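Written below as structure tokens is the structure these notes are about.
What follows is calculated from the coordinates using simple rules that are stated; it is not laboratory data. Note that the structure is predicted; figures quoted are calculated from it, not measured. Methodologically, a virtual Cβ is constructed for each residue, glycine included, from the backbone with ideal geometry; neighbour enumeration extends over all protein chains shown.
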């Protein structure tokens with residue numbers, strides 16, 4: 001209860017510092033990433049800060065103290081790119097593909113007409129704080145150097161070695177899996193070998209292929225700032241990183257002081273009532289309850305192969321439960337009577353409903369967090385990126401199961417659904433996870449606001465930075481020390497052997513010919 005009172009008090013209090021001008025850069029074309037941060041940005045605006053947001057999803061209604069700079073260019077070929085990501089590729093080619101995608105997004109931001117005319121000209125404007133989506137777009141971190149302002153990063157998927165580098169955090173790959181690997185923190189020896197190799201490939205590709213492209217963009221669009229602050233210093237100079245993660249959602253690991261966990265930043269803690277037609281459909285399910293099925297905003301159910309669609313339809317038709325299916329077309333041929341389709345659902349409100357028994361999901365992090373928040377078991381059908389890891393975590397934690405959507409049979413699909421609905425342990429574990437997650441002194445949104453204003457109050461809060469942010473690769477991992485010690489040991493060994501050889505030569509020790517003559 002104390003946490004609730006603190007949370008309410010924070011929102012009732014006026015901002016205890018002068019209103020700041022904040023530039024937020026969140027141009028990723030996937031809706032879920034921006035959904036995650038919109039409540040945060042709007043809350044900053046409601047507290048008197050002037051927020052300018054570069055994004056792909058401008059507000060439909062005017063918001064006080066909130067200005068949009070739309071970047072529609074980022075949608076070019078986006079659906080094609082998402083479909084391509086689902087195709088099998090070796091890790092080097094996959095990294096090339098992903099990194100090129102983010103280079104294109106970065107270029108779209110910096111070449112945008114409104115950005116070039118209102119933000120990039122020297123002395124044209126000023127900002128007190130830069131907030132960015134920290135996701136392989138290093139060049140637009142240049143706004144921090146351009147405006148000489150502190151920078152906060154938000155990672156909508158949690159953290160990995162790349163995010164860790166922004167604040168000098170330690171990321172032991174012995175128990176910290178690569179996001180795309182689909183492993184948990186409890187890896188077998190073979191998985192640790194695979195994780196080591198895959199992480200090394202991703203790191204080398206990023207440094208040798210991706211960063212040179214980002215440096216070119218940085219030098220082109222921030223010519224003055226780039227001469228003052230090199231990019232390899234700028235992307236290790238973050239004041240704060242907010243992580244859309246929490247130890248109760250995944251697994252505990254170490255964080256430096258300026259990495260703050262705010263998993264579930266977007267979740268409203270007051271679920272709204274469902275629309276009338278939806279509520280009537282849900283109530284009509286009787287004692288059997290309802291299953292909610294959504295593949296998120298990037299993967300569209302309508303684009304699934306025809307035989308996969310038929311498999312899902314046939315399975316749903318045999319279930320006693322009713323099904324809410326996020327389907328992106330107006331018509332679904334062969335739709336059973338127990339299935340309700342819509343292009344959009346109020347997902348958090350549905351998951352909060354007591355008659356919803358199961359969430360069939362692609363395993364996106366926002367959906368996973370929402371399912372935990374509302375205590376619902378999940379059936380994961382992952383497609384790409386961190387979805388495999390999220391589904392593996394759900395399975396390991398005991399509140400969900402996973403299937404391969406490409407190879408699952410109708411029988412496997414139905415039997416897995418029945419297990420999750422009928423076996424009490426899954427629902428019980430989901431409720432336990434929910435209790436752990438909700439047991440926080442402040443809500444994730446209030447936590448994010450407090451730390452953001454902390455950075456403003458303390459002019460960047462650079463006292464939170466660990467010394468590791470100022471060390472190069474060799475010094476950070478003590479490779480220079482190891483090299484010096486090895487060189488010293490080799491020198492001592494060489495000198496010792498030399499002395500032994502000289503002593504032996506002088507004293508005649510080991511000279512068998514002299515010994516034989518003496519005898």
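Below are the figures for this structure:
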quantity	calculated
Protection proxy ranking, peptides 204-211, 360-367, average beta carbon neighbours within 10 Å, highest first	360-367, 204-211
The chain: relative contact order as a whole-number percent, Cα under 8 Å and 6+ apart	15 percent
Using alpha-carbon coordinates, inclination of helix 211-221 to the longest axis of the chain, degrees	70 degrees
Burial order of peptide ranges 461-469, 346-354, 383-391 (average beta-carbon count within 10 Å, highest first)	383-391, 346-354, 461-469
Helix 189-205 vs. the chain, principal-axis angle (Cα, 0 to 90°, nearest 10)	90 degrees
Gain on full stretching of the segment that runs from residue 425 to residue 97 - 0.36 nm per residue minus C-alpha separation	114.0 nm
Packing rank of 492-504, 256-268, 320-332, where each peptide gets the mean count of other beta carbons within 10 Å, highest leading	256-268, 320-332, 492-504
Cα convex hull volume per residue for segment 125-243 (Å³)	92 Å³
Degrees, to the nearest 10: 424-438 long Cα axis against longest axis of the chain	70 degrees
Residues of segment 288-327 with amide N under 15 Å of the 7 Å Cα→Cβ point at residue 277	324-327
Percent of Cα-Cα distances greater than 25 Å, calculated over segment 239-359	38 percent
Estimated distance in nm for a label pair at residue 193 and residue 77, the labels positioned 7 Å out from Cα along Cα-to-Cβ	3.7 nm
Nearest-0.05 FRET efficiency for residue 310 and residue 59, computed from C-beta distance (R0 30 Å)	0.15
The chain: C-alpha pair distances exceeding 33 Å, %	46 percent
Part-to-part distance (alpha-carbon centres) for segment 292-307 and segment 178-228, which is given in Å	30 Å
Debye equation applied to the C-alpha atoms of segment 15-161, log10 I(q)/I(0) at 0.15 Å⁻¹	-0.79
Cα-only Debye scattering, segment 159-223: base-10 log of I(q)/I(0) at q = 0.12, 0.20, 0.24, 0.25 Å⁻¹	-0.38, -0.81, -1.01, -1.06
Rg [Å, one decimal], Dmax [Å, integer] - segment 331-384, C-alpha atoms	12.3, 34
For segment 264-305: span of alpha carbons on each principal axis (Å, largest first)	32, 31, 18
nm² value of the averaged projected area, convex hull over the Cα atoms of segment 276-438	8.7 nm²
